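Structure first, then comments.
Taken together, the values in this text are just the output of simple stated rules run on the coordinates, not laboratory data. Computed from a prediction, not measured in an experiment: that's the story for all the values here. Here the Cβ is made from the backbone with ideal geometry for all residues, glycine too, and neighbour counts use every protein chain on show.
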């Protein structure tokens, strides 16, 4: 009888201690998350921004390659600047997600670099 009583007290005591420890751990974890929620959100936004920047630079590189290709084709077919520009805008907008303002700026800077000899066709 006393043996069963001791076993019951030990098992109930162990249960109370383990439950209490898990409660304290849960409380501390929730407190940590609440305190650092702003930091976690900022990190998530930073990752999204970095991924967006990487995609922008990939699209920009594609656009520059397309512009150089169009410049080469323009020499072969003797296109004027309006035809080159319209073809470049059409191809770049199809292949990338760049805005029309970005496309215009990329075309302008790439053509300037070609004229100054900074980019080899």
Please give the helix 2-35 orientation as an angle from the longest Cα principal axis of the chain, in degrees from 0 to 90, rounded to the nearest 10. 30 degrees
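Where does each of 109, 86 land when they are ranked from fewest to most other beta-carbon atoms within 10 angstrom? Intermediate values should be presented prior to the final figure.
On the way: 109 15, 86 12.
Starting with the residue having the fewest Cβ neighbours, the order is 86, 109.
Mind giving me the FRET efficiency for residue 56 and residue 32? R0 is 25 Å, r the Cβ-Cβ distance, nearest 0.05 is fine. Let's see the in-between values first.
Values: r = 35 Å, r/R0 = 1.39.
Taking R0 as 25 Å, the efficiency between residue 56 and residue 32 is 0.10.
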Comparing 84, 48, 30 in a Gaussian network model of the chain (Cα, 10 Å), the one with the largest mean-square fluctuation is 30
Treating the angle as unsigned and between 0 and 90°, give the value, to the nearest 10°, between the Cα long axis of helix 100-116 and the longest Cα principal axis of the chain. 50 degrees
Take 6, 83 and order them by how many other Cβ atoms sit within 10 Å, fewest up front. 6, 83
Go ahead and set up a Gaussian network model of the chain, Cα springs under 10 Å, then flag whichever of 110, 96, 19 fluctuates most. 19
Label corresponding to mean projected area of the Cα convex hull in nm² when calculated from the structure given, among [x] 6.9; [y] 13.8; [z] 21.4: [y]
Report the label-to-label distance for residue 95 and residue 4 in nanometres (one decimal), using points 7 Å from each Cα along the Cα→Cβ vector. 8.4 nm
Counting only helical runs of four or more DSSP H residues, what would the 222 nm mean residue ellipticity of the chain come to if each run contributes -39,500 (n - 2.57) and the total is spread over all its residues? -31500 deg cm²/dmol
Taking only Cα atoms, what is the 0 to 90° angle, nearest 10, from helix 37-77's long axis to the longest principal axis of the chain? 20 degrees
Relative contact order of the chain (C-alpha contacts under 8 Å, at least 6 apart) in percent is 21 percent
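Please arrange 70, 33 by counting, for each residue, the other beta carbons lying within 10 Å of its beta carbon, fewest first. Spell out each step's value before the answer.
On the way: 70 23, 33 10.
Placing the least packed residue first, the sequence is 33, 70.
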